[in-house]
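What follows is a single structure, written as structure tokens, with notes after it.
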């Protein structure tokens, strides 16, 4: 489904209902795609496949985040 930014302003509920039904909604501004509204379930699935989320998981110096942050901040001098 493709709607204009004006449609979004005046028909927000209908657009959100379409997303809830599983439709992807593209918002256009001056005739060009500007934003995309997707159902929440699809967004969560995309994040699971994203390699960025686990890029620090193999670091041994970050097992305890609080200790790591304290050690970094301890070096600062003001």
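Here, each number is a calculation from the coordinates, and none is a lab measurement. Everything numeric in this text was worked out from a predicted model, so none of it was measured. Don't worry about glycine lacking a Cβ; one is built from the backbone with ideal geometry, like all the others, and counts go over all protein chains shown.
Computed quantities for the displayed model
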item: Nitroxide proxy distance, nm - points 7 Å out along Cα→Cβ at residue 17 and residue 29; result: 2.7
item: Inter-label distance, nm, simple model (7 Å from Cα along the C-beta direction), residue 67/residue 10; result: 6.2
